[in-house]
Amino acid sequence: MIKRFIARNAPGYIFLSPWLLGFFLLALGPILASLYLSFTKYDMVSDPRWVGFANYEYMFTRDRRFWKALEVTFTYVALAVPARLIMALSVAMLLDKGLRTIGLYRAIFYLPSLLGASIAIAILWRQLFEQNGVVNQVLAVFGIEGLAWITNPDTSLYTLVILAMWQFGSPMLIFLAGLRGIPRDLYEAAEIDGTPKWRQFTRITLPLLAPVIFFNLVLQTIESFKTFSSAFIISNGTGAPADSLLFFTVYLFNEAFKFFRMGYASALAWVLLLIIGAFTAIAFLTSKYWVHYENERD
Amino acid sequence: MTKLTRRGLLGTAAAGFAASALTGLPAYAQAKTIRHYWWGNPERDKRTFAVIDVFQKANPTIKVSGETIGWGDYWTKMATQTAGRNMADLVQMDYRYLFEYVRRGALKPLDEYVGKSLMIQDFDKGPISGGMVDGKLYALNIGSNSQVIVHNTRVFKEAGIDADLINWTWDDFAKASEQITQKTGGKVKGSDDLSLMIEVFESWTRQNGHEFYDKDGNVAATVDDVASYWQFWEDLRKKDVVRPKEKTVILDIPIVESGVAVGDTAMSHFWSNQLVGIQAAAKDKIGAAMVPHKKGGKPGQFIKPSMFMSLSRDAKDTDAAMAYMNAWVTDPEITKILGLERGIPASPKVRAALQPGLNDVEKLSVAYFDAIQTKVGDLPLPAPKGAGEVRDAFMRIGTDVVLGRAKAKDAATQFVDDAQAIVERAR
């Protein structure tokens with residue numbers, strides 16, 4: 001029994017071993033430490049002091065900025081994830097036409113995702129959307145007077161949603177692979193029956209792509225909850241203006257590294273983990289109603 | 001405090017590894033290396049690196065590595081390094097943050113070095129005592145300063161502003177702003193919008209007769225103080241004589257983006273030791289005015305120790321660090337390079353030596369300093385723990401008022417509540 005288990009799984013674990021080593025040696029300790037710290041008051045200089053659930057209690061009952069951070073983050077996730085996935089799927093379908101230079105296009109479209117997490121792009125974004133930025137100059141050509149997108153709390157979050165949309169590269173690649181996996185003869189049959197393109201999309205492409213969509217959805221949701229560097233740079237690290245860019249992670253960072261509340265910041269981190277976990281669980285639980293795998297027999 | 005923890009060891013090893021990987025040299029190549037960390041601007045950085053060169057030439061066994069960053073990121077990086085037990089040996093300190101860092105145990109007292117390796121016995125007592133916490137000296141004054149309303153002298157002349165800029169009132173300030181905006185056809189607005197400057201607000205509160213914090217560290221500024229301050233700027237915004245709100249809500253902008261440097265306003269708020277830096281960035285000749293007074297009010301502005309140098313808990317080679325610190329405030333060549341850029345020195349000898357070689361801006365800063373001596377109030381009590389966060393809250397809530405999303409009165413109520421909650425939570 002055990003022998004069989006080893007024989008079957010050993011290669012997998014061997015390939016996983018670099019990651020597993022890293023996890024056990026580098027990540028697990030801090031993770032457990034942060035769970036402990038979340039029940040303490042800890043300013044990094046004096047020793048942690050046990051306070052029980054006080055951090056969590058303060059968070060849910062008295063901390064207005066905690067709720068504000070949740071609001072900002074949820075709004076962002078709700079907008080950025082669908083926007084990015086729609087963008088990724090559209091571009092993937094365009095590229096799926098069997099172009100000869102597809103490798104080149106794939107690389108070009110993937111580029112923003114590679115750059116997206118970088119500081120340089122966040123700074124570029126800030127300049128694009130500034131009062132005298134490129135966006136407003138283009139709008140001015142059409143006689144539209146632009147807003148101060150970044151410093152206006154009503155629009156600042158949307159500039160980040162657009163940034164997220166632009167970084168569609170990695171879900172696009174996965175969609176592209178998924179599209180390649182759909183048997184061509186299904187479309188041919190549909191053509192012969194005279195099915196319009198739109199129905200081909202909703203009746204063939206979407207259902208057969210469902211597992212891939214599901215995978216991308218889960219991955220992108222997790223990613224979006226963790227958005228940090230772009231919000232941090234664009235808001236000067238504060239969540240400004242008027243906390244409109246107070247992403248959960250930015251708030252967490254400020255609590256930890258600006259105000260020295262490591263215990264409280266750890267509690268925030270665990271709440272974020274639970275939220276992400278809950279969303280992933282919901283996605284998995286509902287998936288049986290809309291995701292069908294090809295080798296499923298029912 | 002120097003107990004070697006496993007985490008500390010790991011951190012040092014990691015930092016050392018990173019450092020040697022970066023430079024390609026083994027980390028132990030230099031016997032004595034001290035790190036000096038300061039917030040700066042291009043002019044200050046140039047002078048500080050020049051000082052480091054001079055010091056290293058005179059002390060070939062000591063290598064000084066300078067680290068600099070703008071004010072906006074300075075405290076975040078400092079906090080991170082404090083947490084990682086990787087603070088620079090010598091750090092630049094601010095009066096507002098001094099007490100927080102001392103109470104966290106991040107700084108070492110300097111008393112044992114005074115008269116031995118730190119020769120400051122003949123320095124002015126006032127500026128030196130500003131660096132004391134609970135009876136011990138934790139921070140060496142490397143310059144005093146005060147707030148200043150920097151103005152564009154060309155625009156002031158063209159607009160015919162003839163107010164007495166040392167004794168003027170808030171009414172005079174408002175009138176001048178209107179006059180400038182009108183005379184320049186709106187091309188140059190009267191002033192930057194100082195709604196989010198908690199330091200100016202602190203002067204405003206003191207003019208009303210009470211401190212921002214009382215002696216127990218509670219918030220003593222009232223809702224009326226805050227509301228009237230924000231309302232004052234709201235009125236100027238309505239008249240369109242201050243910088244547009246989009247530029248106001250960008251927090252902690254660098255000197256070069258201030259109104260006077262860019263040229264889109266005629267007045268900006270600074271600290272007197274920044275005069276050298278701002279003149280370097282501005283096209284026109286600048287002048288110095290006091291923060292306006294309240295008619296019949298008390299003095300609000302004060303002279304504060306502008307910058308300190310502190311010895312960090314993580315300093316290993318304290319002898320080398322103290323030699324550097326001492327040279328900073330006593331060595332004739334070094335003090336000459338530094339000049340008045342960080343503020344007015346506390347050493348009478350150094351001041352006397354500097355006098356003949358001063359340039360125009362430096363003369364302006366000395367003259368301004370002389371002129372305000374009798375107009376300022378006492379140094380306020382040390383700020384309680386959490387003061388840095390209160391500053392953030394002031395800017396955050398003030399932003400709502402600037403953008404017209406909240407009434408001055410409501411926002412003021414919220415700010416006073418939040419500020420009190422912050423200092424209570426920080427205890």
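The values are calculated or read from the model by the stated rules, or taken from the named source; none is laboratory data. In this text, all values refer to a predicted model and were calculated from it rather than measured experimentally. Neighbour counts are summed over all protein chains in view; Cβ atoms, including those assigned to glycine, are modelled from backbone coordinates with ideal geometry. In case anyone asks, the SASA skips ligands and DNA or RNA and just uses the protein heavy atoms, side chains included. Shrake-Rupley method; radii C 1.70, N 1.55, O 1.52, S 1.80 Å.
When the residues of the range A:250-275 are filtered to those that are farther than 21 Å from A:PHE53 by Cα and open to solvent by 20 Å² or more (accessible area, probe 1.4 Å), the one that is nearest to the chain's Cα centre (by Cα) is A:PHE257.
Among the residues of the range A:132-150, some residue qualifies, meaning at least one is assigned by TED's automatic domain parsing to the domain that holds A:ALA231, under 22 Å from the mean Cα position of the chain (by Cα), over 19 Å from A:LEU217 (Cα atoms) and part of a loop (DSSP other than H, G, I, E, B). Going through (1) farther than 29 Å from B:ALA58 by Cα; (2) assigned to a loop (DSSP other than H, G, I, E, B) one by one, B:LYS316 falls short only on (1). Tell me which residues, restricted to the range B:58-81, are open to solvent by 40 Å² or more (accessible area, probe 1.4 Å), modelled with pLDDT of 85 or more and within 10 Å of another protein chain (Cβ to nearest Cβ). B:LYS77, the sole residue that qualifies. Against the condition within 13 Å of another protein chain (Cβ to nearest Cβ), touching a residue at least 60 places away in the same chain (Cβ under 8 Å) and of a type outside the set (Asp, Glu), how does B:VAL401 come out, does it pass? Yes; evaluated as a whole, the condition is true for this residue. The set of residues in the range A:16-56 being within 13 Å of chain B (Cβ to nearest Cβ), part of a helix (DSSP H, G or I) and surrounded by 13 or more Cβ atoms within 10 Å (Cβ to Cβ) consists of A:ALA33, A:LEU37, A:ALA54, A:ASN55. Of all residues in the range B:246-299, those that are surrounded by fewer than 19 Cβ atoms within 10 Å (Cβ to Cβ), without any contact (Cβ under 8 Å) to a residue 24 or more places away in the chain and farther than 23 Å from A:LEU147 by Cα total 2. Reported count of residues in the range B:376-396, each being part of a helix (DSSP H, G or I) and more than 8 Å from chain A (Cβ to nearest Cβ), is 5. Regarding A:ALA278, is this residue among the aliphatic types (A, V, I, L, M), open to solvent by 20 Å² or more (accessible area, probe 1.4 Å), away from every other protein chain (no Cβ under 12 Å) and touching a helix residue (DSSP H, G or I) at 6+ places or on another chain (Cβ under 8 Å)? The answer is no for A:ALA278. Considering only residues in the range B:82-141 that are within 24 Å of B:PHE302 (Cβ to Cβ) and of a type in the set (Gly, Ala, Ser), the one that is surrounded by the most Cβ atoms within 10 Å (Cβ to Cβ) turns out to be B:ALA139.
Name the single residue, out of those in the range A:233-249 being at the interface with another protein chain (Cβ under 7 Å from one of its Cβ atoms) and touching a Gly at 6+ places or on another chain (Cβ under 8 Å), that is most open to solvent (accessible area, probe 1.4 Å). Steps first, answer last, please.
Quick first cut of the range A:233-249, residues at the interface with another protein chain (Cβ under 7 Å from one of its Cβ atoms) only: A:236-238, A:240-243.
Now drop any that are not touching a Gly at 6+ places or on another chain (Cβ under 8 Å), which leaves A:236-237.
Values: A:ASN236: 68, A:GLY237: 6 Å².
Restricting to residues being at the interface with another protein chain (Cβ under 7 Å from one of its Cβ atoms) and touching a Gly at 6+ places or on another chain (Cβ under 8 Å), the top hit is A:ASN236.
Can you pull out the residues in the range B:125-155 that are among the charged types (D, E, K, R) and closer than 19 Å to B:MET93 by Cα?
Residues of the range B:125-155 among the charged types (D, E, K, R): B:125, B:134, B:136, B:154.
Once the filter is applied, which keeps residues that are among the charged types (D, E, K, R) and closer than 19 Å to B:MET93 by Cα, the range B:125-155 yields B:LYS125, B:ASP134, B:LYS136.
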